[in-house]
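The values are calculated or read from the model by the stated rules, or taken from the named source; none is laboratory data. Remember, it's a predicted structure, so these values are computed and weren't measured experimentally. Using ideal geometry, Cβ is built from the backbone for each residue, glycine included, and neighbour counts are taken over all protein chains shown.
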Amino acid sequence: MSEQTTAAETAAAPAPKPRRPKPKSMLLLGEQTQALFDNARLAKERGEKVGWSASIFPQEIAETLGLNVLYPENHAAGIAARHQADPFLQECEGPLGYSNDLCAYAKLNLAYAAVLNGESGVELPDGGRMVKPDFLLLTNNICNQLTKWYENLARQMDIPIFFIDTCYNPYDYVTESRVRYVRAQIDQLIRDLCAFTGKAWDEERFQRVMRISQRNSYLWERANDLLDRKPSPLSGFELFNYMSAMVCNRGKESSTAVLEQLNAEIEQHIAEGTSTFPVEEQFRVSWDGIACWPYLSHNLRTLKKYGINMVASSYGKAWAIEYEDLDGMARAYCFASTNGDNATTMISRRLEALRKFGCEGTIYHVNRSCKVMDCQMMEVQRQLAALTGVPFTSFDGDQADYRNYSEAQFETRIQGLVEVMEQNKEAKRND
Ligand code: SF4
């Protein structure tokens, strides 16, 4: 090919679409994330104790005590999304001897911890921003794999776990005896954490942190709810990017700033009739299960091809936890996630979302890591489709292990869903 032809072709080629500048809310979020890791490092350098925490642990307790806490699930998600997971997965399943069947967040984090502990030479792509913990905060309201994962961390690094047992909840409400059981553990946890860290409990500060946390839950829910407009003002996948504000910083005013800004940006789109979804919205769907972080862009590209916008997700809302005192905290954290929701609760929440957001289909992420979630998902799919007539498809994936996904499978499943959604649309038009 001659240089001339190349130049002519270049001239004729459409100019690349300019990248949308990052909205201010994302910039604030970036600063918040940086501050989280910087503050933990500085605390460590000052000789203060730093913790690692399960993502749906009552974070407001650590916040009240002024403790610096980092979140392995969130950190592992970031590594997976940046396609940096492979050396950690290999290390965990190889030299460290863990099973391939474990949750991939656990595998990533156990290998990362081995490096911090001087037992592995895997290069840390972020230079070790997850500083080595002195204690662990754990609940089993999400799943029991977390329990085993943290027990291994505790043994590996010889550090204590502060654990709140919420048990699997078979009811669609929280019994009073369960509230008392968890409340007693919260009281003990506060005493134990104060003794271990040398910090003192300040009731007034707790009330303030709780108010901030409530405000953040409200703002987060509101941002999610604004996607009920047609067409949606936001590409639903973008909300996944903001989850760290809720997962890692629920009790902080910096999250209030991020979420107020996000709400304002969404409202502006509504007022101006614009949307961040890059093509015309043809179909509205809900997403069930954790985001498939290593393939988020492939998911989005495939959906965009058909004008499918994901406007509702059961995943992100799990962090909107509301309560007004320590009893309320016990109740709310018992009812917060997979181990706390029985199938009836899962179905009624999803039914409400399908109706509210006008979803024409559902995509279920059958996540190899999340066995408990998948198990319930099969029954939820069956009952929800029977109740609503809304079609669904599922695909095999993993929230952090890139090896458990097939681009071809995802594409054909979405193609199938589109055919059914199109037929439904056509039938409605002919009604
Ligand atoms: S198995 Fe699923 S719910 Fe449990 S820790 Fe892993 S990703 Fe979270």
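Here are some notes:
- The set of residues from the stretch 89-108 being away from the ligand (no atom under 16 Å from the Cβ) and either among the β-branched types (Val, Ile, Thr) or not in a helix (DSSP H, G or I) (or both) comprises 94, 95, 96, 97.
- Qualifying residue in the stretch 366-376 (condition: within 16 Å of the ligand (Cβ to nearest atom), surrounded by fewer than 22 Cβ atoms within 10 Å (Cβ to Cβ) and in a strand (DSSP E or B)): yes
- Residues that are in a loop (DSSP other than H, G, I, E, B), within 14 Å of the ligand (Cβ to nearest atom) and over 17 Å from the mean Cα position of the chain (by Cα), drawn from the stretch 131-149: 144
- Among the residues of the stretch 46-77, those identified as of a type outside the set (Val, Ile, Thr) and within 14 Å of the ligand (Cβ to nearest atom) are 52, 53, 54, 55, 57, 71, 72, 73, 74, 75, 76, 77.
- When residues of the stretch 357-381 are limited to those that are of a type in the set (D, E, K, R) and modelled with pLDDT of 95 or more, the one farthest from residue 104 (Cα to Cα): 360
- Given (1) farther than 30 Å from residue 179 by Cα; (2) surrounded by fewer than 22 Cβ atoms within 10 Å (Cβ to Cβ); (3) in contact (Cβ under 8 Å) with a residue 60 or more places away in the chain; (4) not aliphatic (A, V, I, L, M), number of the condition residue 274 does not satisfy: (3)
- Of all residues in the stretch 127-137 being surrounded by fewer than 21 Cβ atoms within 10 Å (Cβ to Cβ) and in contact (Cβ under 8 Å) with a residue 24 or more places away in the chain, the one that is farthest from residue 403 (Cα to Cα): 134
- Residue count, the stretch 52-88 (criterion: of a type outside the set (Val, Ile, Thr) and in a helix (DSSP H, G or I)): 16
- Where residue 297 falls short, out of the listed (1) among the polar types (S, T, N, Q); (2) in contact (Cβ under 8 Å) with a residue 12 or more places away in the chain; (3) more than 16 Å from the ligand (Cβ to nearest atom); (4) assigned to a helix (DSSP H, G or I): (2)
- Filter result for residue 178 (farther than 30 Å from residue 93 by Cα, in contact (Cβ under 8 Å) with a residue 40 or more places away in the chain, of a type in the set (Lys, Arg) and outside any loop (DSSP other than H, G, I, E, B)): yes
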